[in-house]
Amino acid sequence: MPATGPMPGFKEFLQHLHPSLYHTHPFIRPFWETAFNCTSMENTTDSGNPVTLCTQEEDLTGMIPALFEMFDLSYTYHAYLAVYAYAHALHALLRCRSGTDHQQCDRVSGIQPWKVLRSLKRTPFWAQSDDVITFDANGDISTSYDIVTIQILHGHFQLVTVGSFTPEGSLGHRIVINSSQILWKDQFSQIPESMCSSSCVPGSRRVTRLGQPPCCFDCVPCSAGEISNSTDAVECPRCPHDQWSNEERTRCVPKIIEFLSHQEPLGRILMSMAFMFSFLGLSILLTFIKFKDTPIIKATNRELSFILLVSLVLCFLCCLVFIGQPSEVTCPLRQTFFSVVFSTCISSVLAKTIMVILAFKATQLNSPLRKWLGPTIPRCVVGLCSGLQMVICSVWLHQSPPFPALNAETENHKIIFECNEGHKLFFYMTLGFLGLLAMISFFVAFLARNLPGTYNEAKLITFSMLVFCCVWISFIPAYLSTSGKYTVAVQIFAILASSAGLMSCIFLPKCYVILLRPDKNRREFLGNIICFGQVRFHHQTSSSPNVAGILFPTRESYG
């Protein structure tokens, strides 16, 4: 309720109210008659019933609290202030300084209401409660309120002031409560909640319920990346771009910097696989070097086999460059080293396939294809394909080389430390060139799959390239759907899986024969097997094709 203050003389005025003293007041007689249920007129009856006449000797003192509700004088006090405010404003208008010719004193008859209002806005005054009464630009008084409680004692109730509310007060002093003045019933042991809703804890914000008072609201948790560290927060400010909110949404914490590390389990597993396959490839290479003069290695073009095995070992080892924190050295080396080594690997497979086809097509002594059976074609194929890939990578490194970068946009709660590929066109060109080589190798090997001979590698190459293509076709959607360290892990897995597929399909069958079945690694055995094809060794004549010189070339003829 509006605040009240002392009004000196008000009680005395009420106690001395009497028709004889205020007979000119138009309301004194109706008030007296109502208060004492009497009438001042004689010979008056109401429906035949006689009415008590007022003697003007009635005592008003004991009836003042009931008649005037002395416990609630808020509106009376503000009417009291309004009279004093008007008086002070009017006094300021009528006051003039003596000895001046430029200012004339206003007369009461000439004062207009707008002048009084203008004077009222700039005329503060002291109330009887020692409070300064001021007005704002609209002429409104600075409002304060009393906090009252209804107390019922012995059948009578009264309003007791227990505190105050001052909207213009400083924070923490706007509401003042005197708890000792509050009278509680026995069933209440604490102050009841005056809010429709409980306070919102830090980490949430207030959302007012539509159509309900401001004290009725819902507490909504702050969204990810936003915080609130105070009670009853109205909004949740967003964290800086390099920070993220904690689980409680009460403070911003630095984002986690993520990359595929050597210490984490995923990095260790991939490193172990890379070393394991590298050791296996190196073991196969040493085995081929040791048994390089045996028929099975001669029949499968040992020079290309050595190039392919070295390329496969390098493919496995290049995965190690992808693991660890990106740097100015590793980022340009990752994709370029991988692309060149893989191009050499696939071009070696393509050259082996071409040589298998030529070997079985040039079985006649006078065949013009026999002049292409030397080492020129495989070396040209490997050199040309690897050279083209090296040119693409050189232009890539010159125009827009990969570089280490912090990516805070892909993942909200972490910063991805990655290698920015620079211009994406070069990255897709290297992958596209590898895919083109793989498809050509697959189709050439597929066309030569029905050629005769135990060591016809076309079938093995066909199956190995099928595995290779399936791995890299699956790699594309997996690469595009992942982010951060898992994108790098997907590429490493694709490199390991495709390289392991090539090595297993092409070289493990030969290692099986060399190490476990040496009885099959003889020229006589190979001849007996090949005789089921278009060429027969047992009945060679002067016009018979010299297939032995093709499958088992001498130093002068081939490799």
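A few notes on this one:
- In the range 301-323, the residues that are farther than 23 Å from ARG268 by Cα and aromatic (Phe, Trp, Tyr): PHE306
One line per residue, one yes/no per condition, for (1) charged (D, E, K, R); (2) outside any helix (DSSP H, G or I); (3) out of contact with any helix residue (DSSP H, G or I) (no Cβ under 9 Å at 6 or more places or on another chain); (4) closer than 30 Å to GLY484 by Cβ:
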{"residue": "ILE296", "(1), (2), (3), (4)": "no, no, no, no"}
{"residue": "LEU304", "(1), (2), (3), (4)": "no, no, no, no"}
{"residue": "ILE307", "(1), (2), (3), (4)": "no, no, no, no"}
{"residue": "SER311", "(1), (2), (3), (4)": "no, no, no, yes"}
{"residue": "CYS315", "(1), (2), (3), (4)": "no, no, no, yes"}
{"residue": "CYS319", "(1), (2), (3), (4)": "no, no, no, yes"}
{"residue": "GLY324", "(1), (2), (3), (4)": "no, yes, no, yes"}
{"residue": "GLU328", "(1), (2), (3), (4)": "yes, yes, yes, yes"}
{"residue": "PRO332", "(1), (2), (3), (4)": "no, no, no, yes"}
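- Residues in the range 132-159 that are assigned to a loop (DSSP other than H, G, I, E, B) and either hydrophobic (A, V, I, L, M, F, W, C) or surrounded by 15 or more Cβ atoms within 10 Å (Cβ to Cβ) (or both): ALA137, SER144.
- Residues located in the range 1-34, provided they are touching a helix residue (DSSP H, G or I) at 6+ places or on another chain (Cβ under 6 Å) and over 22 Å from TRP126 (Cβ atoms): MET1, LEU14, GLN15, PRO19, TYR22
- A search for C-beta distances below 7 Å between a residue of the range 138-152 that is of a type outside the set (Ser, Thr, Tyr) and any residue that is part of a loop (DSSP other than H, G, I, E, B) and loosely packed, with under 15 Cβ neighbours inside 10 Å, counting only pairs 6+ apart in sequence or on different chains, returns ASP146/MET1; VAL148/MET1; GLN151/LEU183.
- Counting only residues that are within 15 Å of THR55 (Cβ to Cβ), surrounded by fewer than 15 Cβ atoms within 10 Å (Cβ to Cβ) and in contact with a Pro (Cβ under 9 Å, 6 or more places away or on another chain), the range 9-42 holds 1 of them.
- For GLN263, the stated conditions do not hold, so it cannot be described as more than 30 Å from SER230 (Cβ to Cβ), surrounded by 14 or more Cβ atoms within 10 Å (Cβ to Cβ) and of a type in the set (S, T, N, Q).
- Among the residues listed as GLU235, GLU303, GLU248, the single one being acidic (Asp, Glu) and more than 46 Å from the chain's Cα centre (by Cα): GLU303
- Criterion (at pLDDT below 85 and surrounded by fewer than 18 Cβ atoms within 10 Å (Cβ to Cβ)) met by exactly one of LEU451, LEU508, LEU460: LEU451
- Qualifying residue in the range 428-436 (condition: of a type in the set (Phe, Trp, Tyr) and outside any strand (DSSP E or B)): yes
Here's the yes/no breakdown for (1) at pLDDT 90 or above; (2) of a type in the set (A, V, I, L, M, F, W, C); (3) buried (at least 24 other Cβ atoms within 10 Å of the Cβ):
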{"position": "VAL313", "(1), (2), (3)": "yes, yes, no"}
{"position": "ILE323", "(1), (2), (3)": "yes, yes, no"}
{"position": "ILE354", "(1), (2), (3)": "no, yes, no"}
{"position": "GLN364", "(1), (2), (3)": "no, no, no"}
{"position": "TRP372", "(1), (2), (3)": "no, yes, no"}
{"position": "ILE377", "(1), (2), (3)": "no, yes, no"}
{"position": "LEU384", "(1), (2), (3)": "yes, yes, no"}
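- Test: residue in the range 424-440 that is farther than 18 Å from VAL340 by Cα and in contact (Cβ under 8 Å) with a residue 12 or more places away in the chain: no
- Selected residue [touching a residue at least 40 places away in the same chain (Cβ under 8 Å) and assigned by TED's automatic domain parsing to the domain that holds LYS520] from LEU308, LEU285: LEU308
The values are calculated or read from the model by the stated rules, or taken from the named source; none is laboratory data. Predicted model only: the values in this text are computed from it and were never measured. Counting neighbours? That spans all protein chains shown, and the Cβs are built from the backbone with ideal geometry, glycine included.
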